Amino acid sequence: MTFGPYPITVTRVVDGDTLVVDIDCGFHVVLWAQYVRLTGINTPEVRGPSREEGLRAKAMVETFLADAGPLVLISDHYDEREKYGRILGRIIARETGDSLNDFLADQGWASPTRGFNRDGERLPRLGG
């Protein structure tokens, strides 16, 4: 079961797989400054030995966001957060249906985590 789509505004890109967003829950309710962890992918860290790759992955997120237009958040985890308190979800361009998560994986900026089967094949994308 999926939850959303919830319109979001990205206020900060932390790294390639973590963003800070304001989530419009409807009825004039907004969750401000929520950390979102992109599900299905893992990008290099912006600290430590993978710093250069991590900064490039972060720049690719910023590039996607600049061209995406209005965004929505979809989550498979109702009211659940991962061990660092981040919301788990997918960020989707509302008008095109393009997924930031899929974009990063397809462009080689992220490695697969959940969302792929044991053979490394991508599970069906949202909407088919």
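Readers should treat all values here as calculations from the given coordinates under stated rules, not as data from a laboratory. What you see is a predicted model; the values in this text were computed from it and never measured. When we count neighbours, we look across all protein chains shown, and the Cβ atoms used for this are built from the backbone with ideal geometry, even at glycine.
Worth pointing out:
- Beta bridges per DSSP, both residues in the chain: antiparallel share near 85 percent.
- Note, ³J(HN,Hα) from phi for segment 94-110, Karplus 6.51, -1.76, 1.60, rounded to Hz, x at Gly and Pro: 4, 6, 9, x, 5, 9, 4, 4, 5, 4, 5, 5, 5, 7, x, 8, 9
- Using a cutoff of 8 angstrom between alpha carbon atoms and counting only pairs six or more residues apart, the relative contact order for the chain works out to 26 percent.
- For LEU71, residues with placed amide H under 5 Å, excluding near neighbours: ILE8, ARG94
- At R0 = 25 Å, FRET efficiency that the Cβ-Cβ distance of THR63 and VAL30 yields, to 0.05: 0.45
- By average C-beta atoms within 10 angstrom, highest first, the peptides 14-24, 90-100: 14-24, 90-100
- Under the combined filter of DSSP loop state and at most 13 neighbouring Cβ atoms within 10 Å, segment 1-55 retains these trypsin sites (Lys or Arg not before Pro): ARG47.
- Structure-derived mean projected area of the Cα convex hull in nm² - corresponding label in [x] 16.6; [y] 9.5; [z] 8.2: [z]
- In order along segment 27-44, phi translates into HN-Hα couplings of 6, 6, 10, 10, 8, 8, 6, 9, 7, 10, 9, 5, 7, x, 9, 9, 10, x Hz, rounded to whole numbers, per the Karplus curve 6.51 cos²θ - 1.76 cosθ + 1.60 with θ = phi - 60° and x for Gly and Pro.
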